[in-house]
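Notes follow once the structure below has been shown.
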Amino acid sequence: MSYYHRFLQIQAYKHDGSFHRLWSHGLVVRDDEDYIVEVSNRVRVIEANNHVWHTKEKAAFIFSKKEWFNVIVTHQDNGIRFYVNIASPTIVDQGIIKFIDYDLDVKAFPDGYIKELDKNEFNFHAKQYNYSNELQEVLTKVFHRVEEMIKNKVDPFNESTINQYFENFDNFVNQQVERDKQKQR
């Protein structure tokens, strides 16, 4: 079943299956055997501690169904910013996008600077949740591979691909607005 042009929630979990974070909704703009991509704009986010906040900007969420990462992409004044979660391959279960977040993150700025994030949190959770040595090796290898993919602008880290996702979202929203106007006439 394709989820193309459907609105889905996103749920992140920890290694032990406990709830981590929920994004209220986003529009699926790609759904194939490799990726499910969702774009959202100013959505509600609920944290495990019940803290609620709202995103401030439009973002594309790129979820790999085969690889151990997902990507949040935003447009900044000076270009595109990538925030990569090293995470389990994504599944869609009962109409909800789900993955396990392993706390090892990469942030890539429009100027090309790449920053490693949350290494201490990753190490803490590796002990707390008893990550196997094999899992830690996989996650570390993926982390370094993602850095190379970003540097080489390999999909999904390609600006033209990202722009297509945002354009698909904008076109869908504009069509919905136009339909609503016609219904009111």
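The values are calculated or read from the model by the stated rules, or taken from the named source; none is laboratory data. Not measured: the values here are computed from a predicted model. Quick reminder, even Gly has a Cβ in these numbers, built from the backbone with ideal geometry, and neighbours come from all protein chains shown.
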Next item on the list: Output the residues belonging to region 65-80 that are out of contact with any Lys or Arg (no Cβ under 9 Å at 6 or more places or on another chain) and either among the small types (Gly, Ala, Ser) or surrounded by 23 or more Cβ atoms within 10 Å (Cβ to Cβ) (or both).
Entry: 70, 71, 79
Next item on the list: Take residue 146 and decide whether it is over 13 Å from the mean Cα position of the chain (by Cα) and more than 16 Å from residue 157 (Cα to Cα).
Entry: no
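Residues that are within 14 Å of residue 83 (Cα to Cα) and touching a residue at least 12 places away in the same chain (Cβ under 8 Å): does region 129-136 have at least one?
Start the filter on region 129-136 by keeping residues that are within 14 Å of residue 83 (Cα to Cα), which leaves none.
No, because not a single residue in region 129-136 is within 14 Å of residue 83 (Cα to Cα) and touching a residue at least 12 places away in the same chain (Cβ under 8 Å).
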Notebook entry, point to check: Given the structure, is residue 83 surrounded by fewer than 19 Cβ atoms within 10 Å (Cβ to Cβ), within 13 Å of the chain's Cα centre (by Cα) and at pLDDT 95 or above?
Noted result: yes
